[in-house]
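Here is the structure we will look at.
Every read-out reported here was derived from the displayed coordinates using simple, explicitly stated rules and does not represent laboratory data. Bear in mind that the values here come from a model prediction, so they are computed numbers and not experimental data.
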Amino acid sequence: MKVHTTALEGVLVLEPAVFSDARGFFFESFHASAFRRATGVDAVFVQDNHSHSVRNVLRGIHYQVVRPQGKLVRVAGGRILDVAVDLRRSSPTFARCAAVELSAENRRQLWIPSGFGHGFLVLSDSADVLYKTTEYWYAEHDRGVLWSDPAIDIPWPLAGPPIMSQKDAAAPTLSVAELFD
């Protein structure tokens with residue numbers, strides 16, 4: 001596995017070793033000890049999620065201040081722009097983002113530690129996004145930041161208005177959102 005850093009300390013792009021031949025391909029999408037060796041992160045994943053969305057769906061920016069989640073995100077079908085936003089007020093990269101294209105073709109994964117918000121935009125006709133989390137999802141702890149907040153300035157490559165939930169469209173800006181210290 002190759003590991004690439006991003007502009008945000010702790011947010012990592014992972015590229016698995018892929019074995020291809022005339023039959024197709026094989027790769028380990030997760031191997032606990034290889035992940036730990038490559039990243040230095042000793043994560044215990046407790047939940048796997050699968051999201052299917054159509055082109056121009058924008059999900060996020062989501063996080064949990066109480067019981068925060070680390071996430072390991074990959075795409076099994078299609079293509080997305082995956083985004084991590086530093087929501088730790090004390091961080092030197094507070095309000096900055098890292099945006100990475102993940103696809104079934106490039107097989108990259110994005111590790112997003114707790115303290116960061118997460119969202120993505122579907123760039124293909126549809127996309128199947130799989131992600132592991134280090135904490136369970138709790139509706140009462142679910143928070144969001146407005147996807148278009150100019151204080152974050154995420155470079156979304158939109159093809160028209162995004163398709164999103166009412167909750168995401170009405171999320172608060174950084175200036176009033178509940179964030180990490």
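Annotations
- Cα centroid separation - the stretch 107-169 against the stretch 26-103, whole Å: 9 Å
- Kirkwood-Stokes translational diffusion coefficient of the chain, alpha-carbon pairs, 10 °C, 1.306 mPa s, µm²/s: 95 µm²/s
- Once the Cα-Cα distance is subtracted from the 0.36 nm per residue extended length, the residue 76 to residue 29 segment shows a gain of 15.9 nm.
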